[in-house]
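Below: one structure, written as structure tokens.
The values are calculated or read from the model by the stated rules, or taken from the named source; none is laboratory data. In this text, all values refer to a predicted model and were calculated from it rather than measured experimentally. Neighbour counts are summed over all protein chains in view; Cβ atoms, including those assigned to glycine, are modelled from backbone coordinates with ideal geometry. Surface accessibility is based on the protein's heavy atoms, side chains included, excluding ligands, DNA and RNA. Shrake-Rupley method; radii C 1.70, N 1.55, O 1.52, S 1.80 Å.
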Amino acid sequence: MVEKTALNKNMLDGSIPQRMTGGSRFLRACLRQPVDRTPVWFLRQAGRYMPEYQAVRKSHSLLAICKSPALASEVTITAAEKLDVDAAIIFADLLLPLEPMGLDFEFLAGEGPVVHKPIRSHADVAALRTDRTAELGYVAEAIRRVVHHFGDRMGMIGFCGAPFTLASYMIEGCGSRHYIETKRLMYSDPAAWHALMQTLATVLSGFAAQQVAAGADVIQIFDSWAGALSVTDYRQFVLPVTRLLVKNIQAHGVPVIYFGVDTAALLPAMRETGADVIGLDWRIPLDAGRRAVGEACAVQGNLDPIALFAPEALLRARVEEVLRQAGGIPGHIFNVGHGIVPETPVENVQRVVRWVREISAEMPMQTDSAQAGRRV
Ligand code: CP3
């Protein structure tokens, strides 16, 4: 195993080191340090579009894979190696913390997650457990194995759901279109809502801390459904607790990537969480997204994942466009704007990795980040 010395933050400065590993390249970009070429990874890079994952999935349920450090680490490693990306995201699921909090759920084929007894009242919130987070230790153990395998070669991304997005599953009991029950609780019983947010912040902070202790270089917080909120509701009901979660995670010495979908209007408020990197979806041009979050923040994104189904020339043009909009300014991680979907041709994902590498290596990078910031 290679020691993770290159990730030591003392080594991060304005100059571009001669030799960079995937891990140091990825971490430097999170911290807006210049890199030799743009780091790249993909949301949902280990999922159902990959034959290797499907083969494992044939004989194991999704939860069984998540709960087995041997299987979860194998799936994570196989996908990251096959794609030759700069970072691996641990194979797990957003909903895993629900179980130790006392909410049983299952994944129904073709329907997604279903929580058996969703939360509807302050009493339901009060009954949630915060003292069993250690039961999620299987995720940390899987991270340990991936870190042992890759060392410095890849960045290691741990993750958790954001309080709002997790609460929406706990309250609706499944995916939702209008979030009626979630917003009903939020509007009509703010005390119950805030208690739920605090409870989630406690559990998620502990869960993220386990992942960092196991070797995660960065934690990504998925607020996938935050785009359902108005700016006013986001600020009033979600921003304070999300800021607390970000701060708690950063206290362990790692950067935080905060990601949501359909968030163009929310970006300035999302930035106020203090996250180091904001994930952008594809609906906003990358340069506009960057202006919205401001210069003191890196961005991740933002190819339309469905562009991965396009003919080669168009796909390449879209990759070039994202890189051009990133403009060689330190603090960009190439990614899709939302998760890779089933049926995506794996070879197109591999092509994108090669193109990002070739094109960005040819683009001049600003080495003075203060200057670069002024250009944004
Ligand atoms: O690279 C990876 O794929 C990492 C593993 C990963 C999974 N879930 C495994 C999974 C990650 C990062 C997640 C996050 C997750 N889980 C999110 C946020 C991500 C996003 O895209 O915004 C959400 C909302 C969930 C909850 C969830 N899990 C849903 C809604 C579903 C069903 C619908 C779907 O997207 O497939 C799942 C199931 C799930 N989680 C699958 C995988 C690979 C597919 C089902 C299977 O293999 O049986």
Can you tell me the relative contact order of the chain? Whole percent, Cα pairs under 8 Å, sequence separation 6 or more.
-> 21
Once the piece of chain linking A195 and R153 is laid out straight, how much longer is it, given 0.36 nm per residue of separation minus the C-alpha distance between them?
-> 11.0 nm
If one computes the Cα centroid of segment 304-373 and of segment 234-253, what distance in Å separates the two points?
-> 29
How would you rank 160-171, 312-323, 69-80, highest first, on the average number of other Cβ atoms within 10 Å across their residues?
-> 160-171, 69-80, 312-323
Please find the FRET efficiency linking E111 to S15, where r is the Cβ-Cβ separation and R0 is fixed at 51 Å, and quote it to the nearest 0.05.
-> 0.50
What ranking do 190-197, 25-32 get when scored by the average of other Cβ atoms within 10 Å per residue, highest first?
-> 25-32, 190-197
State, to one decimal in nm, how far the label point of R351 lies from the label point of F309, with both points 7 Å from Cα in the Cβ direction.
-> 1.5
Helix 163-172 versus the longest principal axis of the chain: what angle, 0 to 90°, nearest 10, using Cα atoms?
-> 40
At 0.36 nm per residue, minus the direct Cα-Cα distance, what do Y187 and A126 gain on full extension? Give it in nm, one decimal, please.
-> 20.2 nm
Which order do the peptides 273-284, 95-106, 124-135 take when ranked by the mean count of other beta-carbon atoms within 10 Å per residue, highest first?
-> 273-284, 95-106, 124-135
In square angstrom, what is the accessible area per residue of segment 22-371 with a 1.4 angstrom probe?
-> 37
Residues of segment 254-272 with amide N under 11 Å of a point placed 7 Å along Cα→Cβ from A288 = 264-265
In segment 22-371, lysine pairs closer than 28 Å at Cα, eight or more apart or cross-chain | 7
Roughly to the nearest percent, how much of the accessible area of the chain is carbon and sulfur, given a 1.4 Å probe?
-> 51
Answer with one residue from C297, P345, C160: the one whose Cα lies farthest towards the positive end of the charge dipole of the chain, charges on Cβ with Lys, Arg +1 and Asp, Glu -1.
-> C297
Rounded to the nearest 0.05, FRET efficiency between D104 and E343 (Cβ-Cβ, R0 30 Å) equals 0.45
